[in-house]
Amino acid sequence: MEYFVQQLINGITLGSIYGLIAIGYTMVYGIIGMINFAHGDIFMVGAFLALIAFLVLVAFGITAVPLALLIVLLVSMALTALYGWTVERIAYRPLRHSFRLAPLISAIGMSIVLQNYVQIAQGARVKPLPPLVQGGYTLLEGNNFAVRLSNIQIIVVLTTILLMAGFSYLVARTRLGRNMRACEQDLKMAALVGIDVDRTISLTFVIGAALAAVAGLMFLLYYGVVDFFIGFLAGVKAFTAAVLGGIGSLPGAMIGGILIGLIETMWSAYFSIEYKDVAAFAILIIVLIFLPTGILGRPEVEKV
Amino acid sequence: MSDPSPATPGLKPAVEWADPLAALKEAAIAAAVAFGLFGLLIGFRTEQGPNGALVIATRFDTLAEFVAATFVGRLSFALTRHRFTVPANVFVPTAVRKTAAALSPYLAVALLLFALAVPVLFYNDRYLLDLAILIVTYIMLGFGLNIVVGLAGLLDLGYVAFYAVGAYSYALIAQDFGLSFWVCLPLAGILAASAGLLLGFPVLRLRGDYLAIVTLGFGEIIRLVLLNWQSLTGGPNGISGIPRPSFFGLPFNTSANGFAATFGLHYSPTHRVVFSYYLILGLALLTNWITLRLRRLPIGRAWEALREDEIACRALGINTTTTKLTAFAMGAMFGGFAGAFFATRQGFISPESFTFSESALVLAIVVLGGMGSQLGVALAATAMLGGFELFREFDQYRMLVFGAAMVAIVIYRPRGLVATRTPSVSMRERKDIPADLVRDARTESPA
């Protein structure tokens, strides 16, 4: 029982990170109907930017952890957003009216570019970071097992909830959110009623990348290591989360993320840790077969 | 960096020189963006310190070079942009294009003759022979994937899975049952085709990009299973000592009943390399021939119809399920053949040879070649792998350039190198048509 509760906590923490990445997939798919294959690598870039920003701060002598974390968060969000914007500008915007598979192929190319760029610039080795946030609470004391809720887990989950709340407000109440929803329904019509479609799409990428940067920082804090290849697996899992929750739906992305996190943690805890990634991919396939619209998605209507 | 739209003819007089102030401003913005992008990732380098913790080293000179290059590049682009308003395809003079068009029917024949002559021409150059074998292996994979992507229009990101199934099938069957290459080859093909069917069944209902992600997942599942199923596949250590191919029962060695002794030749290790080359060339040509024949059969026409418009296909009574399944199975079978060849050629296989980047490479070959064009695939495979070899000393930049090339090709030449389509059915004369004129209803983006 204690073991189960512990896995539940771990799973929700991991799922929050996946959920934050999944939002980037789901928003972009909702608006321009493409799988932004490079989004996982944007997350990886975000994690690296956070790592370097932190080391630079330490070099400047700013070692108060809360202040440093706040600065790192803002810097990596801003710079990763710039990456998201640039990728969209260079690799996707020229293909807006190309054939359907073109943006996906371009995105695969961009993903390869980002991975190898970071590998060349920062080296292929795993980058460790000593734990910055320590301590936690013991929730349950079992016979020989204590359930721990660490401070970092609290930070991850709280940040995710805050960001989700802010983001839902943005989509539901602000002008930008209204433009985004209009673009999601019909790009041409949105342009006709005076919405700057290109700008809205750009901002969607910017927001998605900023959220991925937060996920990257959380990943860095939670696991303490990053390397240039983390984006691939995390990206596929987050995409699975977006599909599971219903692509195009924001709460769906979060629910899907948490479910994927739970399944992965439980699978590693009770079955075999070697096959945990197989489990994630298998879920993706099973969901697409039996529940192609996901939990909260709307069925897609094909028109001639 | 947002482009001010080029001067509209009729409204404004044509600008001789771009406004230098505006160009400067544009270049400054671009440089600022470059500074933001590269500032942390290029300007600083994380390194392992003496006590294991990360320390930071600065590289501001490289950063300055990057930013300066962006500034100069953008400035020269902004100053000369109005001169580039000619249509994109006029870079090549008409005379050259006409000559190329006139020669193109003979290009395939010339290439084939050259391919047949490679072992004769370069008999003493082992390095070139190995490279040629590698290129033809990728041409074969490209042909196989071309059936799925180019003809049937199904984007498969996990093609390497079938390559892996073929390679492991061959290795395991040949080692455990001692069967010869020629018995194992069809078995490997059949097993790979079964894997294709296995994947095909569940994913039939999925639309384009969902299908792509599921095939990606399938490819990764196969790789992870190969990596973790230690008792069967040897896990990360792979399988070594795979039987080498024999010349219809005559092994390539110094023994009395070996190939060299039987034909009264001096033994040379090159014999096996040359035989391997002709083996894979034969397999690739077989794939090509079968594909070209299939395109004329009802099933091939159904594939192409499916690529153009799935809904219209269904309305015409084409069974989309079996059509997609056969495309998957055929493509997978040829991938399996190539895998079996790879295993027997290398003598050693491990899951590391079957990563996602292999799938991406084969897909890039098909896309760069012009989806659906067999000649294009052959040219693209040669260009890409030859390019990799030429820049071998810049090994670490290879994948970076590869990815960037993929993006650039999709943007500037979305229809690939051979951007024409030869209709499968025609009245009197078979004529190539530019692919831009073919409007694919299904592949058109929704916007």
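Values quoted throughout were computed directly from the atomic coordinates according to the rules given, and no laboratory measurement underlies them. Because the structure is predicted, anything quoted here is derived from the model rather than measured. All Cβ positions, glycine included, derive from the backbone under ideal geometry; neighbour counts span all protein chains shown.
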Positive-pole candidate from B:Leu187, A:Leu233, B:Tyr397, dipole of the protein assembly as shown, charges at beta carbon: B:Leu187
Average projected area [Cα convex hull, the stretch B:99-437], square nanometres: 19.2 nm²
Label-point gap, in nm, between B:Phe391 and B:Arg59 - each point 7 angstrom along Cα→Cβ: 1.7 nm
Of A:Lys276/B:Lys324; B:Lys98/B:Lys324; A:Lys127/B:Lys25, those spanning more than 32 Å from alpha-carbon to alpha-carbon: B:Lys98/B:Lys324; A:Lys127/B:Lys25
Around B:Leu227: net Lys/Arg minus Asp/Glu count, Cβ-Cβ under 12 Å: -3
Phi-based couplings in Hz for the stretch A:201-214 (Karplus 6.51, -1.76, 1.60; Gly and Pro marked x): 5, 4, 5, 4, 5, 4, 5, x, 5, 4, 5, 5, 5, 4
Neighbour-count order for A:Val72, A:Val206, B:Val120, fewest beta carbons within 10 angstrom listed first: B:Val120, A:Val206, A:Val72
Translational diffusion coefficient (Stokes-Einstein; Kirkwood radius from C-alpha pairs) of the stretch B:20-85 at 4 °C, 1.567 mPa s, in µm²/s: 97 µm²/s
Debye log10 I(q)/I(0) at q = 0.13, 0.24 Å⁻¹ for the stretch B:347-414, Cα point scatterers: -0.40, -1.15
Cα-centre dipole for the stretch B:99-437 with unit charges at Cβ (Lys and Arg positive, Asp and Glu negative), debye to 20: 720 debye
Cα gyration tensor category, rounded, prolate or oblate, for the stretch A:87-186 with a/c compared to 1.5: oblate
Calculated FRET efficiency for the pair A:Tyr270/B:Ser240, C-beta based, R₀ 41 Å, to 0.05: 0.70
Radius 15 Å from Cβ of A:Ser16, net charge of other residues (Lys, Arg +1; Asp, Glu -1): 0
Overall Cα dimensions of the stretch A:2-290, principal axis frame, Å, largest first: 66, 52, 38
Helical mean residue ellipticity (222 nm; -39500 (n - 2.57) per DSSP H run of 4+; nearest 500) of chain A: -24500 deg cm²/dmol
Under-5 Å amide H pairs with B:Phe247, H placed in peptide plane, nonlocal only: B:Phe252
For B:Glu389, A:Glu184, A:Glu88, A:Glu141, order by how many other beta-carbon atoms lie within 10 Å, fewest first: A:Glu141, B:Glu389, A:Glu184, A:Glu88
Relative contact order of chain A, defined on C-alpha pairs under 8 angstrom at six or more residues apart (%): 37 percent
Residue (of A:Ala121, A:Phe167, A:Tyr137) at the positive-pole extreme of the stretch A:99-183, dipole from beta-carbon charges: A:Phe167
The protein assembly as shown, Rg to Rh (Cα coordinates; Rh as Kirkwood inverse mean 1/r): 0.98
In order through the stretch B:110-126: 3J(HN,Hα) via Karplus (6.51 cos²θ - 1.76 cosθ + 1.60), integer Hz, x for Gly, Pro: 4, 4, 5, 4, 4, 4, 5, 8, 3, x, 6, 5, 10, 4, 8, 9, 4
Under 15 Å, Cβ to Cβ, from A:Leu114 - net charge with Lys/Arg +1 and Asp/Glu -1: -2
Fewest-first ranking of A:Lys188, A:Lys237, A:Lys127, using other Cβ atoms within 10 Å as the exposure measure: A:Lys188, A:Lys127, A:Lys237
Largest to smallest principal axis extent of the C-alpha atoms in the stretch A:1-73, angstrom: 45, 44, 15
Sites matching chymotrypsin sites (Phe, Trp or Tyr not before Pro) across the stretch B:257-287 that sit in DSSP coil, with at most 15 neighbouring C-beta atoms within 10 Å: B:Phe263, B:Tyr267
Rounded tilt (10° steps) of A:2-32 against the dominant C-alpha axis of chain A: 20 degrees
Listed peptides A:225-236, B:133-144 by packing density, highest first (mean Cβ within 10 Å): B:133-144, A:225-236
Over the stretch B:250-386: Kirkwood hydrodynamic radius from C-alpha pairwise inverse distances, Å: 17.9 Å
